[in-house]
Amino acid sequence: MAMVRQTRQRAAVIEVLQTSREHPDAAAIHAAVRERLPSVSLGTVYRTLDALVAGGVVVTLERAGLATRYDWREGTVHHHAVCRACGRIFDVDAAALPAVPSVNLPGGFRVTDVHLEFMGVCDGCEPRTT
Ligand SMILES: [Zn+2]
Ligand SMILES: [Zn+2]
């Protein structure tokens, strides 16, 4: 039965990632999964996330001093806008941006993925000017 349990846990983690727009960290994913599968441990969530990252369907968003955030990648190519004040990460549709300009890459370097990060302050944090 261990395999069945593992599969259900994995499916629950995937569903949380696919439905969340919040770029949750492992603790938030764990909390959401436990609403459905109360016995899931944080360690299991970490192991599942590691496997999904290794499989290329989930990417990690690392920021110094903050917990690693997780983002479902498959089928949703997008960039990110990060609020320096509250740490929220917003998705930016890649199709809405002009093509990435060609840059000087090391000879022979093959680009497989481009990820842009816009740093700034979100609407909720920006002091309103009237
Ligand atoms: Zn903000
Ligand atoms: Zn994202």
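The values are calculated or read from the model by the stated rules, or taken from the named source; none is laboratory data. Quantities reported herein were computed from a predicted structural model and do not represent experimental measurements. Heads up, the Cβs are rebuilt from the backbone with ideal geometry, glycines too, and the neighbour counts pull from every protein chain shown.
Within the stretch 33-44, can one find any residue that is surrounded by 15 or more Cβ atoms within 10 Å (Cβ to Cβ) and polar (S, T, N, Q)? Within the stretch 33-44, one or more residues are surrounded by 15 or more Cβ atoms within 10 Å (Cβ to Cβ) and polar (S, T, N, Q). Quick one: would you say ALA95 is part of a helix (DSSP H, G or I), surrounded by fewer than 10 Cβ atoms within 10 Å (Cβ to Cβ) and among the hydrophobic types (A, V, I, L, M, F, W, C)? Criteria met by ALA95.
When each of LEU66, LEU37 is tested for being among the aliphatic types (A, V, I, L, M) and modelled with pLDDT under 90, the lone residue that passes is LEU66. When the stretch 72-87 is filtered for residues that are in contact (Cβ under 8 Å) with a residue 24 or more places away in the chain and either aromatic (Phe, Trp, Tyr) or in a strand (DSSP E or B) (or both), the ones remaining, listed by number, are TRP72, HIS79, HIS80, ALA81, VAL82, CYS83.
If you filter the stretch 115-130 down to residues that are of a type outside the set (D, E, K, R), at pLDDT 80 or above and more than 16 Å from ligand 2 (Cβ to nearest atom), you find that the one that is nearest to VAL92 (Cα to Cα) is VAL121.
Every residue, every condition in (1) among the small types (Gly, Ala, Ser); (2) closer than 17 Å to ARG88 by Cβ; (3) in contact (Cβ under 8 Å) with a residue 60 or more places away in the chain; (4) in a strand (DSSP E or B), yes or no:
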{"site": "GLN6", "(1), (2), (3), (4)": "no, no, no, no"}
{"site": "ALA11", "(1), (2), (3), (4)": "yes, no, no, no"}
{"site": "GLU15", "(1), (2), (3), (4)": "no, no, no, no"}
{"site": "HIS23", "(1), (2), (3), (4)": "no, yes, yes, no"}
{"site": "ARG36", "(1), (2), (3), (4)": "no, no, no, no"}
{"site": "THR44", "(1), (2), (3), (4)": "no, no, no, no"}
{"site": "LEU66", "(1), (2), (3), (4)": "no, yes, no, no"}
{"site": "TYR70", "(1), (2), (3), (4)": "no, yes, no, yes"}
